[in-house]
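Written out below as structure tokens is the structure these notes cover.
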């Protein structure tokens, strides 16, 4: 075996003076919680880390998608074997530089955010592109719950799964409630300026939310602490 083949893979932190632990903490604080860049800067300064808020911006742009992609890769692999999978689809309004855009969301029956997709319109072509992306990554769903938007029926008719559609009052609350954490985060960021920035943050935010969301209102305190500890250990191993 050659020396080159025995070499360890290069760490993505090798060109940075700060330790991986500090970078991981900064990225986690900014994406998980409703904090601004300067809030993260102040919190890190209290812990003896003196950096500029622009450094936090650079770190989350550089490492946030990388962390999120690894989380998503592991979770998609775990979920592909599920049966009786029920999806909830919904869209929300998001302003980008004063213009209205639409953030489409696919959520499963347990509250896991499967896919986030940003478009300028919410017509049939937008719904079709969103659903094709979700189906390609996550596979087939037994039931798909939507609201009364006609774009869903037109897209599902073309995909051939209109018979799996379900509608009803309060049926889609699972998807509606999934928007709340993102709305809180959006207010802290003071809106978005570019469509690609919205798509990037929505994708990263959903992966972090899925990983750390333990649904504490549904489990006992003891079980919640166990789930939280497991998620933290997995996160530390993930980006070690």
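The values are calculated or read from the model by the stated rules, or taken from the named source; none is laboratory data. Everything numeric in this text was worked out from a predicted model, so none of it was measured. Every residue, glycine among them, receives a Cβ derived from its backbone with ideal geometry; neighbour counts consider all protein chains shown.
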Does residue 88 satisfy the criteria of being assigned to a strand (DSSP E or B), farther than 21 Å from residue 194 by Cα and touching a residue at least 40 places away in the same chain (Cβ under 8 Å)? yes
Given the options 57, 72, name the one that is surrounded by 17 or more Cβ atoms within 10 Å (Cβ to Cβ) and under 21 Å from residue 13 (Cα atoms). 72
Please find, among 145, 204, the residue that is in the same structural domain as residue 115 (by TED's automatic domain parsing), buried (at least 17 other Cβ atoms within 10 Å of the Cβ) and touching a helix residue (DSSP H, G or I) at 6+ places or on another chain (Cβ under 8 Å). 145
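Which of the strands (runs of 3 or more DSSP E) contained wholly in the range 95-159 include at least 2 residues that are within 21 Å of residue 173 (Cα to Cα) and under 15 Å from the mean Cα position of the chain (by Cα)? It would help to see each step written out before you state the result.
Numbers: elements: 99-108, 113-119, 143-145.
Because the criterion is at least 2 residues that are within 21 Å of residue 173 (Cα to Cα) and under 15 Å from the mean Cα position of the chain (by Cα), the strands (runs of 3 or more DSSP E) in the range 95-159 that meet it are 99-108, 113-119.
Identify, from the list 120, 132, the residue that is assigned by TED's automatic domain parsing to the domain that holds residue 179, under 21 Å from residue 192 (Cα atoms) and surrounded by fewer than 18 Cβ atoms within 10 Å (Cβ to Cβ). Write out each step before concluding.
Numbers: 132 fails: under 21 Å from residue 192 (Cα atoms).
That would be 120, the only listed residue that is assigned by TED's automatic domain parsing to the domain that holds residue 179, under 21 Å from residue 192 (Cα atoms) and surrounded by fewer than 18 Cβ atoms within 10 Å (Cβ to Cβ).
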Could you say whether any residue in the range 230-240 is surrounded by 11 or more Cβ atoms within 10 Å (Cβ to Cβ), part of a helix (DSSP H, G or I) and touching a strand residue (DSSP E or B) at 6+ places or on another chain (Cβ under 6 Å)? no
Determine if the range 148-160 includes at least one residue that is buried (at least 16 other Cβ atoms within 10 Å of the Cβ), within 27 Å of residue 214 (Cβ to Cβ) and at pLDDT 90 or above. no
Select, from 195, 92, the only residue that is touching a helix residue (DSSP H, G or I) at 6+ places or on another chain (Cβ under 6 Å) and under 23 Å from residue 35 (Cα atoms). 92
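Are any residues in the range 160-173 farther than 15 Å from residue 104 by Cα and not in a helix (DSSP H, G or I), and if so, which ones?
Taking the range 160-173 as the starting set, the residues that turn out to be farther than 15 Å from residue 104 by Cα are 160-171.
Of everything in the range 160-173, those that are farther than 15 Å from residue 104 by Cα and not in a helix (DSSP H, G or I) turn out to be 160, 161, 165, 166, 167, 168, 169, 170, 171.
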Which count do you get for residues in the range 185-223 that are at pLDDT 90 or above, part of a helix (DSSP H, G or I) and over 13 Å from the mean Cα position of the chain (by Cα)? 6
